[in-house]
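The structure under discussion appears below in the form of structure tokens.
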Number of protein chains: 2
Amino acid sequence: MPPTIKQVAERAGVSMSTVSHVLNGTHFVSPELTQRVLNAVQELDYRLNPVARSLAGGRSGVIGVMIPEVAVSYSGEILRGIDEELASAGYDLLLHTTHNQRVKEPVFVHTLAHGLTEGLLLLLPSDPNAYLAPLHKKNFPYVVIDHQGFDDFSPTVVSTNWRGAFDATQYLIELGHQRIGFVAGASHTSSALERLQGYRAALQQAGIPFDAELVREGYFLRTPSYEAALHLLDLPDPPTAIFTANDVSAFGVIDAIHSRGLHFPDDVSVIGFDDIPEAAAARPALTTVRQQLVEMGRTAVRMLMEYITQPERPMQRVTLGTELIIRESCKPPKNSA
Amino acid sequence: MPPTIKQVAERAGVSMSTVSHVLNGTHFVSPELTQRVLNAVQELDYRLNPVARSLAGGRSGVIGVMIPEVAVSYSGEILRGIDEELASAGYDLLLHTTHNQRVKEPVFVHTLAHGLTEGLLLLLPSDPNAYLAPLHKKNFPYVVIDHQGFDDFSPTVVSTNWRGAFDATQYLIELGHQRIGFVAGASHTSSALERLQGYRAALQQAGIPFDAELVREGYFLRTPSYEAALHLLDLPDPPTAIFTANDVSAFGVIDAIHSRGLHFPDDVSVIGFDDIPEAAAARPALTTVRQQLVEMGRTAVRMLMEYITQPERPMQRVTLGTELIIRESCKPPKNSA
DNA sequence: AATTCTGATCGAAGCGCTTCGATCACATTA
DNA sequence: TAATGTGATCGAAGCGCTTCGATCAGAATT
């Protein structure tokens, strides 16, 4: 069994509380005793037990992360940012995956907030209103990633979804497209809504009337997006370009284009959102709106650290910029060429 | 503050120990008291505090996972399997990423094993000999994923690396290739070694002499593999096909082929290993050896659960089969066509 | 020299739970 | 009826740590 603080105290000839103070810097301890404690720690190869520490009211060094799914690149990239930043802050990562089941969210948040964790990171929560208020009330540190507008007290980090969607749509318009489809994301997320609005705004600015026929929900998922695209492609006056709410959806749309025997990207252009690694790896490579995924994770962690160290710090919201990444999946429409 | 077991006990009119026994099933409690306890739990919305539970010597419901990196698809897929299986077993996941720094491994293992966790999953450890013996000695449950042969007491789950490499190489040979390059993995991993041996075995069986010139280390990474491939391509008698130790390396090789102005896959065939999602998404889609990544994660969790519930269970090693997935990245060599 | 103050160090309580041994009521046996 | 046995329930210790208030020696003050 590993040594305890008691053994360190005995070896150093001091009390447990002195050891604790040395280790935590919670109280001035004379250089001599400090040194004796440090020596004892070294000799015994002692490490603080995070569990006991946490129970006794100290820091546990663990941050809870709730994420809808691990394997999707989108989450994976954000998680990477979280993980890297957490590591450099000396924190561990307790992961909860909801597997996209929103009923699990309140349970997980409760467990995480009343357990080992010092703070919480919530990625793309689907029903935050249901459980965030109590957290906020008791001043428990948390940051929400990629969802906003559901309340006015939760710190968030998001992307310029509206702008990104606007840019993507505008790019398509500049290429000459007039019939532009949109495979939208799950409508309970703010990002899906904002992207839809950005799309509409770009259309409007170009004087292209909005056609509700051209918008179908793809829920950020490949198969539903495939089906949505099939529907769009089968329209009497089908789109010559399709903008999708994320890259995964874009791949579903491309599947649909192929399955209708059309040529991609010559017959139908596709533009995605996110710039997940697969977007660059695909051939033709996917033109898309880059979100700073890794940076979102990093930023969220940094914000969380600030809330942990300064509980009274006022709520803060960060918006990270998006960038249009032009690759090979968009061409001018055929008739205009 | 959330209710404690004491409050539950008071409300139910029983002792704390009775509540504990009801909740853990550690001792028979009369139906009447059981019911009273359950009611109190429900009324107070009580949940056991995992931290206190763990300190007091009970189950914490947390499994530690050490992983070299989160964002790589390979790890991500295995992590997904782990995560899913853990969730269905009611466990949480404490994640430690080494960021490929092997010095962190012993520290993490120590922290994880002496903290909250009931068991450990080690993905692709690079230096397991340095710290696994003590764990084994104290009978702490753990399972190693994708590394074997470093000792004779650690439970492992691995793939048929030799077989997979053999199949891949043989497929290339059947296509008519004679000059087959190999971009190897990091040589401190058993999988890299086994794949190399499978490659050599297939060559030998076909009567093709092994040429050390044709083997370069790519460390499972894209850029080093790119450089390794450049080297191979610049050989006086360059390979017409390249087998890589993993898919990520394959993409590096493809980059190199393009950068030398060659046509892929017509001039040089490429075959990978892993079958990460990007392999199927790429165009031309990557022919590769599929590992049951998700299943590896799941299997490891199941094994771990058995060790946790039955500490005396004998060491077990599981090998999962690989499968050649033929897509579009391999053609017969040009001169033979 | 006696008193007060200061600040480093210590002791002990307590965080929420598990678990061992004690207890106590009841049933069984002689 | 007294003695013994049985088994559900309880009490208390303890897991490893933090932290509050107490202590105690030395410095500063009169």
Name the residue, out of A:GLN310, A:GLN316, that is more than 26 Å from B:ARG222 (Cβ to Cβ) and over 22 Å from the mean Cα position of the chain (by Cα).
A:GLN310
Among residues of the stretch A:133-153 being surrounded by fewer than 23 Cβ atoms within 10 Å (Cβ to Cβ) and among the hydrophobic types (A, V, I, L, M, F, W, C), the residue nearest to the chain's Cα centre (by Cα) is A:PHE150
Scanning the stretch B:1-27 for residues that are more than 43 Å from the chain's Cα centre (by Cα), within 12 Å of DNA strand D (Cβ to nearest atom) and of a type outside the set (A, V, I, L, M), the one farthest from B:ALA113 (Cα to Cα) turns out to be B:GLY13
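Residues of the stretch A:279-292 being over 22 Å from A:LEU232 (Cβ atoms) and open to solvent by 10 Å² or more (accessible area, probe 1.4 Å), which ones?
Going residue by residue through the stretch A:279-292, those that are over 22 Å from A:LEU232 (Cβ atoms) are A:280-281, A:283, A:285, A:290-292.
Across the stretch A:279-292, the qualifying residues are A:ALA280, A:ALA281, A:ARG283, A:ARG290, A:GLN292.
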Matching residues in the stretch B:89-100 - criterion: being more than 10 Å from every other protein chain (Cβ to nearest Cβ) and over 15 Å from the mean Cα position of the chain (by Cα):
B:ALA89, B:GLY90, B:TYR91
Only residues in the stretch B:32-54 that are within 14 Å of chain A (Cβ to nearest Cβ) count as the first member; pair them with residues that are within 9 Å of DNA strand D (Cβ to nearest atom), Cβ under 7 angstrom, at least 6 apart or cross-chain, and list the lot.
B:VAL51/A:VAL51; B:VAL51/A:SER54; B:VAL51/A:LEU55; B:ALA52/A:LEU55; B:SER54/A:VAL51
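Residues are listed down the side, and each one gets a yes or a no for (1) closer than 30 Å to B:LEU120 by Cβ; (2) more than 8 Å from DNA strand D (Cβ to nearest atom); (3) over 38 Å from the mean Cα position of the chain (by Cα); (4) not aromatic (Phe, Trp, Tyr):
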residue: B:VAL29; (1), (2), (3), (4): no, no, yes, yes
residue: B:THR34; (1), (2), (3), (4): no, no, yes, yes
residue: B:LEU38; (1), (2), (3), (4): no, yes, yes, yes
residue: B:ARG47; (1), (2), (3), (4): yes, yes, no, yes
residue: B:GLY58; (1), (2), (3), (4): yes, yes, no, yes
Return yes or no: is A:THR117 polar (S, T, N, Q), within 14 Å of another protein chain (Cβ to nearest Cβ) and in contact with a helix residue (DSSP H, G or I) (Cβ under 6 Å, 6 or more places away or on another chain)?
no
Looking at A:LEU233, A:LEU175, A:LEU203, can you tell me which residue is crowded, with 22+ Cβ neighbours inside 10 Å, over 22 Å from B:GLU278 (Cα atoms) and not assigned by TED's automatic domain parsing to the domain that holds A:VAL72?
A:LEU203
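In this structure, does A:GLU85 turn out to be within 9 Å of chain B (Cβ to nearest Cβ) and in contact (Cβ under 8 Å) with a residue 60 or more places away in the chain?
Working: within 9 Å of chain B (Cβ to nearest Cβ): no; in contact (Cβ under 8 Å) with a residue 60 or more places away in the chain: yes.
No, not satisfied.
Within the stretch A:55-76, take every residue that is at the interface with chain B (Cβ under 7 Å from one of its Cβ atoms) and more than 16 Å from DNA strand C (Cβ to nearest atom) and give me the one that is surrounded by the most Cβ atoms within 10 Å (Cβ to Cβ). Steps first, answer last, please.
Filtering the stretch A:55-76 for residues at the interface with chain B (Cβ under 7 Å from one of its Cβ atoms) gives A:55, A:70-71, A:76.
Of the ones still in play, those that are also more than 16 Å from DNA strand C (Cβ to nearest atom) are A:70-71, A:76.
Numbers: A:VAL70: 24, A:ALA71: 20, A:GLY76: 26.
Among them, the one singled out is A:GLY76.
Quick grid of which residues meet (1) crowded, with 21+ Cβ neighbours inside 10 Å; (2) farther than 30 Å from A:LEU55 by Cα:
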residue: B:ILE78; (1), (2): yes, yes
residue: B:GLY81; (1), (2): yes, yes
residue: B:HIS96; (1), (2): yes, no
residue: B:VAL103; (1), (2): no, no
Those residues of the stretch A:154-191 which are under 25 Å from the mean Cα position of the chain (by Cα), part of a helix (DSSP H, G or I) and at pLDDT 95 or above amount to A:ASN161, A:TRP162, A:ARG163, A:GLY164, A:ALA165, A:PHE166, A:ASP167, A:ALA168, A:THR169
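The values are calculated or read from the model by the stated rules, or taken from the named source; none is laboratory data. Fair warning: this is a prediction, and the values are worked out from it, not measured in the lab. FYI the Cβ positions are ideal-geometry reconstructions off the backbone, even for glycines, and counts take in every protein chain you see. Note: areas computed on protein heavy atoms with side chains; ligands, DNA, RNA excluded. Shrake-Rupley method; radii C 1.70, N 1.55, O 1.52, S 1.80 Å.
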